[in-house]
Structures are given as C-alpha cells and as structure tokens.
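Structure, as structure tokens:
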Amino acid sequence: MSREKRVMNNIVRAASILLAILTFIPFAAGQVSAQEEIVCIRCHGGLPGRLGEPVKLWRDSIHAQNGIACNNCHGGDPKDTANAMSPARGFLGAPKEAAIPDFCGRCHVGVKKDYLRSAHGRALGEGGPTCVTCHSNHLVLKASLNIINEKNCGQCHGYERARAIKEAMQQTENMIVSTNDRIEGFKGEGVETDRLEKGLFSIRNRFHTMFHDVDVEKVKRESAQINGDLDRLAGELGKISDQRKKRKLAGATVAGGALLVALILYLLRKTYD
C-alpha cells in the first residue's frame, strides 16, 4: 500500500471517529438540557435554602437518572412559568400524608400493593411510615436492601427485627446477583438463555414482593423457598457448564488427534525420504 493511500485511510478513520463523537455529544447534552429546561428546575435550582433544596436533592436521585422530573410527579406545565402550578394543567402539588401511597403508586403499582398489605401500610394514617419515610421524597434512592438500615428503621422502632429481615434477604439477593452474572456470561458466549432469564425474572419478582413485609418468620420462610428455586436454577447452569467443558475437551481431543496424525505422517515421510 502506498504512503498516500495509508495517509488517506487514517484520515477517513479519524473522521469517522470524530463524527461518532460529535453525534453523541448533542444527544447526551439534549438529555440533560431537556430536564434543565423545565421551569421548576430552572427557577428553583438557583434558589437558596428550602426553596432550592428539592432540586438539589432531586439531582442525585434515581428519578433524575431516569429522566423523571418535577412535573412527572407533581403535574403542571413544565414549559410555562405562568401555568407551572396551575390545577387546570394538572398540577397536584405535594400530597397529604395519607395520600402519599396513591401518589407514588401511580407509577409503582405493584409496590403500592405490597406496601398496603404490610403492617406499615395497615398503619397508614395512624402514625405509620409512608413511602417517603424510608425512600425520601426528592432524594429518591434506588430500591435495595441498603434502605433497610438502623437510621431509617430507627426513626420509629428498634432495628433488631429489621436486621433479621435484612440478613434473611441478603443471602437471597447475593444468589440472585450471582445467578444473573452466570446467565449473562453464557449469553455472551452465544448460549440460548431465554428460559433461564425468564425463570430468574420470576424469582426476582417474588423476592421483591418481600421488601415491604415486616413478618420475620414469613420472610425467612419465603427466602428459603426462593433460595431452593435459585439452587435448582444453579443446577441447570452447572449442567450447561459441564456440557460446554465436555465439548471443549472433545474439540481439543480431536484437534490434538489431528495434530498427532499429521506429525506421524510427517515423520513417515521424512523416514522414506
């Protein structure tokens, strides 16, 4: 290849990379600016104290990470300052304490159902905790076992029962993460994993329904049942692993045999020569 052609190829390659970068930057900026253009954020984002605090907290929330902004929860017109808090444009404002589960439950339907069935939900309106007691109202964190901690639970009662529930669920969560990693590994190698993924999805959903249960014995019992299902799934993954090892060994044996035959033929030829 001539020097001129190599230079031209390098220029084309560099231009392609630059074009990809320039295409991505406006897209990423658009994702950010779309939220920043919301009048609630634009106005309150620069205010001090309690007027600006909701926006500051929201910026670090799982809602912000997923493009959920003020108007998605509170309604109103996100592009018109005059109508941002207009009931005619669907503005709801902040819900009263007893209405918080319904407010959050517009999106989190299944979670609301689990909460209302729990002892916490049954105490709604009588001093019991609501969604924001544990999950916060603006600094909403990703739902995980980390939310079960002494600071959150200690607001209302001792931590002993909550600790027992968390310990029972922690092993299950670790097993779910490990199983998911193994499935993803096989999937990356081209193995058909649809049935395994659906099985794990169902197990994970059953696990998540326990997040609002405060019955220690029930959580331990159901965690043990789920662990059993995860063990069976792990057994299936083990079989796949064994089959793949056997195939690799068989392939290596065939390749080794072919090389041995080739070597023998080569030596025979050298002998006759």
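The values are calculated or read from the model by the stated rules, or taken from the named source; none is laboratory data. Bear in mind that the values here come from a model prediction, so they are computed numbers and not experimental data. FYI the Cβ positions are ideal-geometry reconstructions off the backbone, even for glycines, and counts take in every protein chain you see. All accessible areas refer to the heavy atoms of the entire protein, side chains included, with ligands and DNA or RNA removed. Shrake-Rupley method; radii C 1.70, N 1.55, O 1.52, S 1.80 Å.
Okay, here's what the table says:
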item	result
Count - residues of the stretch 36-92 that are on the phi > 0 side of the Ramachandran plot and either open to solvent by 60 Å² or more (accessible area, probe 1.4 Å) or touching a Cys at 6+ places or on another chain (Cβ under 9 Å) (or both)	1
In the stretch 95-108, the residues that are of a type in the set (A, V, I, L, M, F, W, C) and either surrounded by fewer than 12 Cβ atoms within 10 Å (Cβ to Cβ) or in contact with a Leu (Cβ under 9 Å, 6 or more places away or on another chain) (or both)	Ala98, Ile100, Phe103
Pair list, Cβ under 6 Å, 6 or more apart: the stretch 53-80 residue farther than 12 Å from Asn137 by Cβ and in a loop (DSSP other than H, G, I, E, B), other residue open to solvent by less than 30 Å² (accessible area, probe 1.4 Å) and not polar (S, T, N, Q)	Ala69/Ile38; Gly76/Ala84; Asp77/Ala84; Pro78/Ile38
Filter pass, Thr133 being of a type in the set (S, T, N, Q), more than 26 Å from His208 (Cβ to Cβ) and open to solvent by 30 Å² or more (accessible area, probe 1.4 Å)	no
Glu150, sole failed condition from (1) within 13 Å of His212 (Cα to Cα); (2) in contact with a Lys or Arg (Cβ under 9 Å, 6 or more places away or on another chain); (3) open to solvent by 70 Å² or more (accessible area, probe 1.4 Å)	(1)
Where a residue in the stretch 254-273 is on the phi > 0 side of the Ramachandran plot and touching a residue at least 12 places away in the same chain (Cβ under 8 Å) and its partner, wherever it lies, is surrounded by 10 or more Cβ atoms within 10 Å (Cβ to Cβ) and outside any helix (DSSP H, G or I), with Cβ under 9 Å and at least six apart	none
Scope the stretch 193-238; condition open to solvent by less than 90 Å² (accessible area, probe 1.4 Å), of a type in the set (Asp, Glu) and closer than 26 Å to His157 by Cβ; matching residues	Asp213, Asp215, Glu222
Residue within the stretch 109-117 that is under 26 Å from Arg206 (Cβ atoms), surrounded by 14 or more Cβ atoms within 10 Å (Cβ to Cβ) and among the acidic types (Asp, Glu) present	yes
Exclusive hit being over 24 Å from Cys107 (Cβ atoms), modelled with pLDDT of 90 or more and among the basic types (Lys, Arg), set Arg50, Arg89, Arg6	Arg50
Scan of the stretch 239-263 for residues that are more than 15 Å from Glu189 (Cα to Cα), under 31 Å from the mean Cα position of the chain (by Cα) and open to solvent by less than 90 Å² (accessible area, probe 1.4 Å), ordered by number	none
Residue that is surrounded by the fewest Cβ atoms within 10 Å (Cβ to Cβ), among those in the stretch 118-130 that are among the aliphatic types (A, V, I, L, M) and closer than 19 Å to Pro95 by Cα	Ala123
Long-range neighbours under 7 Å by Cβ, at least six apart or interchain, first residue buried (at least 18 other Cβ atoms within 10 Å of the Cβ) within the stretch 157-178, second among the small types (Gly, Ala, Ser)	Ala168/Ser223; Met169/Ser223; Thr172/Ser223
